[in-house]
Amino acid sequence: MKRMLVAAAAALALVPIGAAAQTVQGPKVSWKIGAWGKPRAVTEGIELLARHVKERTGGNFTITIGYGTLGGEKELLDILSRGALEMTMICSSYHPDKQPAYTVLDLPFLPLPDPATQWRVHDAIHKHPFIVKEFEKWNASLYVSSLLPQYEFVGRSSPPPRKLADWKGLRVRAIGGIGEAMRNLGAVPTSVPASEVYTLMERGTVDAVSFPSTYAHQSNKTHEIGKWYTANLSPGTQACPALINRDHWAKLPDQYKALFDEAKPKIFEALAAAYKKADDTNIPLFRRRLEFVTYSEADLAEFRKAGAQPVWDAWVKERAAQGIPAKELLDLILKTAASGGKS
């Protein structure tokens, strides 16, 4: 995987986005993408898309990214649905009741061992007819995954949770299925938005917070007030895709629509390279500031036993009762992950 990410980064550094490509002719079009926080590794995909369409159209198609200026994390889906935005990023765990089927990608300990597998799995779920219809209710179409890395915790509790039993009673920011996995360890999860985490941690309202490491911990500055960092807990990740408003998409010229597919492999490369670059920078920084907590293979196996299948089974039962093909969706993830890219 390391060689793949290095190659991706090198490719991005050496090849201009629009190299040797003829300018696509078309009208002047301006779009907006909703986001939050600030430019960081997770936004490399939409930033690349914005550069790509601008360069390929000679500046006729522009996309402006609004970092916290177009709505809050929990509001952006509704704003997109009304047509006030052409695109947005979301995290399904911020409003799971709005896309209950899609939260299958938020389950803990899914077999996503590398970025390529994760990209393939997310794309397969994005194309499932039930998922497509679920987002149609919000006048939205799924574009690409943000390819969020595995989550890890930064905490302030003393002493650190060096054994799984030490998590009992700790108040943790852990959203989606990761929160359920942590609950099975005896922790008390809460699902506050990223923008609120620093203040809650500083005040002692939460003992530890999980983010896709390490870029998000650095971006939210948890390492500045934390005391320890879990180096290998890796309980899972979250689905935070980029969406397109269906009405605005329908009005877009076909030659501009083609640029979105053209950008997809470049987006994958940009995200994978950005996360690796962030880790290469942040891990040495974290080591200077934080105690690294590393769990034994026996502990991790125990955590997976408590946090994987029981949470999966509970999710399938709950979602099936809502009329969702829950087992089919989970099976699609497992089959796609195991396929090695083969159909």
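The values are calculated or read from the model by the stated rules, or taken from the named source; none is laboratory data. On a predicted model such as this, the values are computed, not experimentally measured, just so you know. Positions of Cβ are backbone-derived with ideal geometry, glycine not excepted, and every protein chain shown enters the neighbour counts.
In the set (1) part of a loop (DSSP other than H, G, I, E, B); (2) crowded, with 23+ Cβ neighbours inside 10 Å, Met182 fails one condition alone, (1).
If you go through the range 250-266 and keep only what is more than 13 Å from Ile63 (Cβ to Cβ) and in a helix (DSSP H, G or I), you end up with Ala250, Lys251, Asp254, Gln255, Lys257, Ala258, Asp261, Glu262, Lys264, Pro265, Lys266. Within the range 144-156, residues that are more than 25 Å from Val293 (Cβ to Cβ) and at pLDDT 95 or above reach partners that are among the aromatic types (Phe, Trp, Tyr) and not in a strand (DSSP E or B) with beta carbons closer than 9 Å, at six or more positions or on different chains, in the pairs Val144/Trp119; Val144/Phe260; Val144/Phe268; Ser145/Trp119; Ser145/Phe268; Leu147/Trp119; Leu147/Phe268; Leu147/Tyr275.
For Thr88, the stated conditions hold: it is modelled with pLDDT of 95 or more, within 21 Å of Thr43 (Cβ to Cβ) and among the β-branched types (Val, Ile, Thr). Of note, Lys305 does not satisfy the criterion of being modelled with pLDDT of 95 or more and in a helix (DSSP H, G or I). Applying the criterion of being small (Gly, Ala, Ser) and over 17 Å from the mean Cα position of the chain (by Cα) to the residues of the range 39-67, the residue that is farthest from Ala140 (Cα to Cα) is Gly58. Tell me, which residue of the range 186-220 that is touching a residue at least 60 places away in the same chain (Cβ under 8 Å) and in a loop (DSSP other than H, G, I, E, B) is farthest from Pro96 (Cα to Cα)? Among those that are touching a residue at least 60 places away in the same chain (Cβ under 8 Å) and in a loop (DSSP other than H, G, I, E, B), it is Thr214. State whether one or more residues within the range 118-130 are assigned to a loop (DSSP other than H, G, I, E, B), in contact with a helix residue (DSSP H, G or I) (Cβ under 7 Å, 6 or more places away or on another chain) and either at pLDDT 95 or above or within 18 Å of Leu329 (Cα to Cα) (or both). Yes: one or more hits.
Take the conditions surrounded by fewer than 23 Cβ atoms within 10 Å (Cβ to Cβ) and under 23 Å from Ala216 (Cβ atoms) and apply them to Glu75. Does it pass? In short, yes.
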